[in-house]
1. Let me know the charge dipole size of the range A:210-294 about its Cα centre in debye, to the nearest 20, where only the beta-carbon of Lys, Arg (+1) and Asp, Glu (-1) is charged.
2. Considering only the protein assembly as shown, what is the antiparallel percent among its DSSP beta bridges, to the nearest 5?
3. Per residue, how much space in cubic angstrom lies within the convex hull of the C-alpha atoms of the protein assembly as shown?
4. What translational diffusion coefficient, to the nearest whole µm²/s, does the range A:9-234 have by Stokes-Einstein, given a Kirkwood radius computed over alpha-carbon pairs, a temperature of 4 °C and 1.567 mPa s viscosity?
5. Of the DSSP beta bridges with both residues in chain D, give the percent that are antiparallel, rounding to the nearest 5.
6. What is the range D:9-234's relative contact order, in percent, from Cα pairs under 8 angstrom and six or more apart in sequence?
7. Sequence-distant or interchain residues sharing an amide H contact under 5 Å with D:L273, placed H: which?
8. With a 1.4 Å probe and every protein chain left in place, tell me how much accessible area B:D116 has, in Å² to the nearest 10.
4 protein chains.
Amino acid sequence: MPLTNEARGVFPIAPTPFSPSGEIDWASVDRLFDFYREIGADGLTVLGIMGEAPKLEAEESVALVKRCIARVGNLPVIVGVSAPGFAAMRAMARSVMDLGAAGVMIAPPSSLRTDDQIVTYYAQAVEAIGTDIPFVIQDYPLTLSVVMTPGVIRRIVMDNPSCVMLKHEDWPGLEKISTLRRFQQDGSMRPIAILCGNGGLFLDFEVERGADGANTGYAFPEMLIDVVRLQARGERDAAHDIFDAHLPLLRYEQQPGVGLAVRKYVMMRRGILASDAQRKPAGRLSEAAVAEIDYLLKRLATRDPRAAGLV
Amino acid sequence: MPLTNEARGVFPIAPTPFSPSGEIDWASVDRLFDFYREIGADGLTVLGIMGEAPKLEAEESVALVKRCIARVGNLPVIVGVSAPGFAAMRAMARSVMDLGAAGVMIAPPSSLRTDDQIVTYYAQAVEAIGTDIPFVIQDYPLTLSVVMTPGVIRRIVMDNPSCVMLKHEDWPGLEKISTLRRFQQDGSMRPIAILCGNGGLFLDFEVERGADGANTGYAFPEMLIDVVRLQARGERDAAHDIFDAHLPLLRYEQQPGVGLAVRKYVMMRRGILASDAQRKPAGRLSEAAVAEIDYLLKRLATRDPRAAGLV
Amino acid sequence: MPLTNEARGVFPIAPTPFSPSGEIDWASVDRLFDFYREIGADGLTVLGIMGEAPKLEAEESVALVKRCIARVGNLPVIVGVSAPGFAAMRAMARSVMDLGAAGVMIAPPSSLRTDDQIVTYYAQAVEAIGTDIPFVIQDYPLTLSVVMTPGVIRRIVMDNPSCVMLKHEDWPGLEKISTLRRFQQDGSMRPIAILCGNGGLFLDFEVERGADGANTGYAFPEMLIDVVRLQARGERDAAHDIFDAHLPLLRYEQQPGVGLAVRKYVMMRRGILASDAQRKPAGRLSEAAVAEIDYLLKRLATRDPRAAGLV
Amino acid sequence: MPLTNEARGVFPIAPTPFSPSGEIDWASVDRLFDFYREIGADGLTVLGIMGEAPKLEAEESVALVKRCIARVGNLPVIVGVSAPGFAAMRAMARSVMDLGAAGVMIAPPSSLRTDDQIVTYYAQAVEAIGTDIPFVIQDYPLTLSVVMTPGVIRRIVMDNPSCVMLKHEDWPGLEKISTLRRFQQDGSMRPIAILCGNGGLFLDFEVERGADGANTGYAFPEMLIDVVRLQARGERDAAHDIFDAHLPLLRYEQQPGVGLAVRKYVMMRRGILASDAQRKPAGRLSEAAVAEIDYLLKRLATRDPRAAGLV
């Protein structure tokens, strides 16, 4: 089933499990995808930036997508297809859709500067992959160095009917969500799904501003699901309580460069991944960092039982 | 008394209070500097990035420094003198030292890229202001786009005896502190003071890694002082407890572009500033943002009485 | 007389002459301004990027402007007032206009990215300096990292009646000139003067595309004047002939970082400047570079007598 | 035969010929490679930035390399293998070496900033592709935003015996060549080949500074060969004469973004390419631009008969 603008909830960004020797660790892959399904994820994104996508060979990428789709049953799977050129993007997009992906995610190349350059890029990307593939805009200025105003996002949405979702990770970004929802209300933009990234650092308020959920990869995605569901039920304080309990660790995990190492380490501690190995270039945890994470986990365990017994 | 590498504790980055019409609000200035002294700040930094330094005319800058030094008694005052050219930097540095400043802070211009360019820049800056003025390196890649390795900082420290402090706000930055302290231990770098910025987002661990304190501007600088003092006394859990209580608000305040607006708003709520006005270009708070901050303050009040009764 | 959109011809960007010890060399200053008047310059720009503006103290800048205006008689003088903050920009702009400047030039800060950010910046700059001061947009992406589409320039022009000129130094930029002139023809933009920078590297075609002249600082500004006048008289081939004769040297002078050193060296050889000194940070010429410039001058002398006898 | 540091002369950067419908135009490919061989090129580089490498699918890239190697006989062929990840780089490098390539060229990703990051990147790249593949450093700050000091290049050369060549396109870059040659003379760096890029804009002096030739793609590569050969024979003035004759066109072709369109258009006019089509995103020539190029070609024809009769 193709992705639509009705997508809601939490789509974790899946890391790619490797063995210490650098091979894809398929047992961990299966365990990871089972885990996401079991905790109630609403979908999944693979081959995102945090999935170490550029470190995979093309055949590995395809194999990973295949395994994911087979494993998660009817959950929609979004595949990152950002590439330095449209030929590779097209090839990847067509082949993952054939495998059953629900849609693709496209990040802009960091050379883009003006509003028109960004709009043109997405028009050309859609022309390349075809207008029949639902796609997600990745709006992540901190890492991608491309700044999209709400007006630019609206232009992309209105120019391209196959644009169904925004992965929102601008920073600061709360006003951007409000502005985009205002565009929908005043009729100048058709509705899209907005799922938030940025490691979830503002998810507590993002859903209050109108976001439909999260599309990020914190090592306790259950908490992201809690926040979205509690807010949906109007239990604001409870949503903030569970969010705040995780914030010290979540903030630690959100450090650029080293964040994925933190995430994989915690998921290894949780028994989901057999190893926290990354392919090179890899962020690495010092002994001091490991001790800090362990300390944060112990503190978290006093407020969330799911963190108990890990260290 | 000139700044030395023995500096310790919390040196808040002072905002510059303005009236809604854009004039410097001297009554708030006095209240602000009194406040810092009363809460036990160990020093102060004025005319930093968050002090809206570039929005002041030269005479205003000098007047502000004068007032600050007169008001805070024997607390050391650091003055930001970053400028697009060495002539203005020199003029400012000489004149604030004449007024009684303890030292100056210098940020690198964003055009610098290579290690040698950065080292040369600081050598030329020291040549411009004179070797007799103690100075602080501001290492803030997120905003300044200049990336200094620990090795580059060591070169600046060893080349320039007047370098006495690092304002550390790299992100992620914990390993950098450990590495710099290791340089001191292996004798390859003479000791310097390391005070941390970045809104305090990692202060809980930074002091554990060897930082001497904070040099940042959170709206509750008392908490920064608490963390530094508790850690110094070995009360690690208590330090993290008070830090974690503030983290939801601190994280909100650390948003680029809008962070100063949050800080000034909270300091206005606290009765320290008469207005949260900024000079243009100014980040502004929407109604939704104000409501979010008020909500965070209310939640904070349940864990820190100093936040009680503000909203 | 204030600058208007009727400005035409060549407005050289004046370097600031220094003595080897770093003082402003007033005798050279006088000689330089006399030189520009005598060769038939249509105006002048001082305190531009190539005028080492950020290396001057505020009083020096004012003194230079004063001297310039006194010296060049009725030629319009444009003054660069770009500054990290609006307070300094306003102070500088008001004071140079009081001294008799014809207008000011404003470059955008390198942090601007989106179309709206750029438009807002100019609106705020105009609000700061006042709507009565004619200003020039400096559009120089290579150095300033800010990319303005023709549409953005049009918005600035239409929003701000005091915008009278574009210093065009986009690269590549020929189509931009054509597009802006098309905007004027279709009535969507009011007429502005377009003078070209970028060291003159494309001046031969820029005037053919509709530019009104040059606003740059090549060491033989006579050639820029020749090109503009010959093209105005329809002598296309002759314009290209003189341009091509200078191109090997002009290209050498247009190297970023070292270009000003080349320019000052040649102007010293020509007897206009007593020294080619720059204030720090300074690009410097190696012996090999000096020999190369001398070689280029010798070759140039065979095609343009004004270069004869210099080496 | 593998590439060594004895490489000398001109290795043109080959464009990739496309038909107007976007397919690789194999007839033009053959004609192009024959052309390079016939004019006396010393080698070739394919799949460089100007070869539109990222716009090709992996199989197309391999096919192009195969055809090139088969066609140019014993000329060494360098293949660009820059990629967003090491897996793809390794796959490409191994497969083109199997096909008979002489070596590979690796550009740094634009995210690198510090000296250590750059050195580490090349160490990891070599680890990925294997130490047995001769490689070329591409040093192109204007486009890649990575600034390598001579010291950094020396570190890469000394750390990696398989580094045999520098594609030098820093700007300004003449002093860099002199410094690197000085490193060789003082024994701190082993000898490498230095071939220059940047469209050839400074080739006249680069070879005088010690460069071994050119590795760039001007539409009249014969001129590049002339310059290198004349300088090798000590005919300095003749070398500059032919260079200067081409400089107006060469400068026009060197415009970022539109340069490849100029190059392909001229090569089409010369009968080498059947079409000047590019794959998207493509720079395009306006009617005015075409007329300007034609004018430059006509003027060039008066000084170089190889340009005669083209328009």
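The values are calculated or read from the model by the stated rules, or taken from the named source; none is laboratory data. Not measured: the values here are computed from a predicted model. Glycine also receives a Cβ, built like all others from the backbone with ideal geometry; neighbour counts cover every protein chain displayed. To get the accessible areas, we keep the full protein, side chains included, count just its heavy atoms, and leave off ligands, DNA and RNA. Shrake-Rupley method; radii C 1.70, N 1.55, O 1.52, S 1.80 Å.
1. With only Lys, Arg, Asp and Glu charged at Cβ, the dipole is about 460 debye.
2. 5 percent
3. Roughly 167 Å³ of hull volume per residue.
4. Rounded to a whole number, D works out at 73 µm²/s.
5. 5 percent
6. That works out to 19 percent.
7. Distant-sequence amide H within range of D:L273: D:M268.
8. 70 Å²
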